[in-house]
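What follows is a set of notes on a single structure, which appears directly below.
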């Protein structure tokens with residue numbers, strides 16, 4: 001089984017990934033490095049964004065490499081190609097794939113992105129270095145939320161909330177055990193994830209936005225992310241995912257990504273551009289945090 005750990009960047013995705021790895025290792029499934037053209041160290045899948053054929057090939061290769069008798073966790077920030085949604089859901093139904101999708105209060109994600117941007121620039125590193133303003137962070141996070149929704153909409157995906165993983169880890173570990181049909185030593189898993197593994201944690205504080213954003217900035221972000229905050233973070237509304245799943249199944253084409261028509265791809269690209277324009281308008285009122 002491929003245990004694919006998707007996460008919005010700075011949503012606690014690395015912590016979630018290490019909790020999953022800890023559960024698997026304690027249950028007797030070694031997490032040896034895999035090899036492949038789109039894999040970085042520690043089983044990180046990258047480089048397929050916008051290339052559904054490459055994504056499909058990477059998943060197929062991982063499934064073949066792992067085989068039916070192993071369970072191996074792979075982390076990714078890649079979007080799930082819409083055309084592959086039925087295929088991914090079939091893999092999950094058959095037990096070849098298990099998606100665990102991490103998320104967090106988007107207001108805190110924005111602050112963590114700004115922290116990561118400042119740190120990257122100070123060290124001369126490229127990843128995250130472009131995040132200089134709250135507006136940039138908000139627009140990126142809004143786009144990533146749409147990607148998270150697709151991963152979370154797959155039937156039987158586990159959605160792992162940062163506040164649970166970071167501040168109630170036993171609850172998170174129990175959820176991972178349940179979805180993977182395993183049992184483990186919770187203390188051993190917590191020692192692995194919190195003491196021995198680099199989790200890229202910035203400050204590890206809940207609700208940072210309350211003390212680090214101005215009242216005006218808080219209101220602007222609350223408006224921009226109102227649906228996600230209400231339906232996902234607060235209500236855990238299953239219908240939010242079900243609506244997405246129904247829409248994707250209706251729109252998904254039966255052809256493979258290589259056979260999808262140019263007109264269909266262009267129409268999807270135009271819709272995405274329209275959404276990005278709307279997000280830029282909504283985020284225009286934001287300024288950098290004090």
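With helices as the sole contributors, the chain gives -16000 deg cm²/dmol at 222 nm; each DSSP H run of n ≥ 4 counts as -39500 (n - 2.57), and the sum is divided by every residue. Start at zero, step by 10 Å, and the Cα-Cα distances of region 2-283 spread as 6, 28, 36, 24, 6, 0 percent across the bins. Sorting 40, 25, 1 from the fewest to the most surrounding beta carbons within 10 angstrom yields 40, 25, 1.
State, as an integer percentage, the relative contact order of the chain based on alpha-carbon contacts under 8 Å between residues 6 or more apart.
Numbers: 415 pairs, mean separation 77.0, N = 290.
It rounds to 27 percent for the chain.
Provide the percentage of antiparallel DSSP beta bridges, counting only those with both residues in the chain; round to the nearest 5. Please list the in-between numbers first.
Details: 2 of 19 bridges.
The answer is about 10 percent antiparallel.
So for each of 170-179, 98-107 I average, over its residues, the number of other beta carbons within 10 Å; can you give me the resulting order with the highest mean first? Intermediate results must be reported in sequence, preceding the final value.
Details: 170-179: 18.6, 98-107: 25.9.
Answer by packing, highest mean first, reads 98-107, 170-179.
When 185, 115 are arranged by Cβ crowding within 10 Å, least crowded first, meaning fewest neighbours, the order is 185, 115.
Start at zero, step by 10 Å, and the Cα-Cα distances of region 1-146 spread as 11, 37, 34, 16, 2 percent across the bins. The listed peptides 18-24, 138-144, ordered by packing as a protection proxy, come out as 18-24, 138-144 (highest mean of other Cβ atoms within 10 Å first).
Is region 126-199 best put as rounded, prolate or oblate by its Cα gyration tensor, with a ≥ b ≥ c the root eigenvalues, rounded for a/c under 1.5, and otherwise prolate when a/b is larger than b/c, oblate when not? Before the final figure, lay out each step's value.
Details: a/c = 3.02, a/b = 1.54, b/c = 1.95.
Oblate.
Each part reduced to its alpha carbon centroid, region 109-145 and region 149-197 end up 26 Å apart.
Would you mind checking region 52-67 for residues with the amide N under 18 Å from a putative spin-label position 7 Å along Cα→C-beta of residue 93? No residue qualifies, since no backbone N sits under 18 Å from the label point.
Stick to Cα atoms and the Kirkwood definition of Rh, then tell me Rg/Rh for region 14-74.
Details: Rg = 12.1 Å, Rh = 12.3 Å.
Here Rg/Rh amounts to 0.98.
Listing 11, 157, 122 from the residue with the fewest other Cβ atoms within 10 Å to the one with the most, what is the order?
122, 157, 11
Summarising the label geometry, the points placed 7 Å from Cα in the beta-carbon direction at residue 122 and residue 188 lie 3.8 nm from one another.
Rule-based calculations on the coordinates, nothing more; no lab input. Note that the structure is a prediction, hence the values are computed from the model and not measured. A quick note on method: Cβ atoms are made from the backbone with ideal geometry, for glycine too, and the neighbour counts reach across all protein chains shown.
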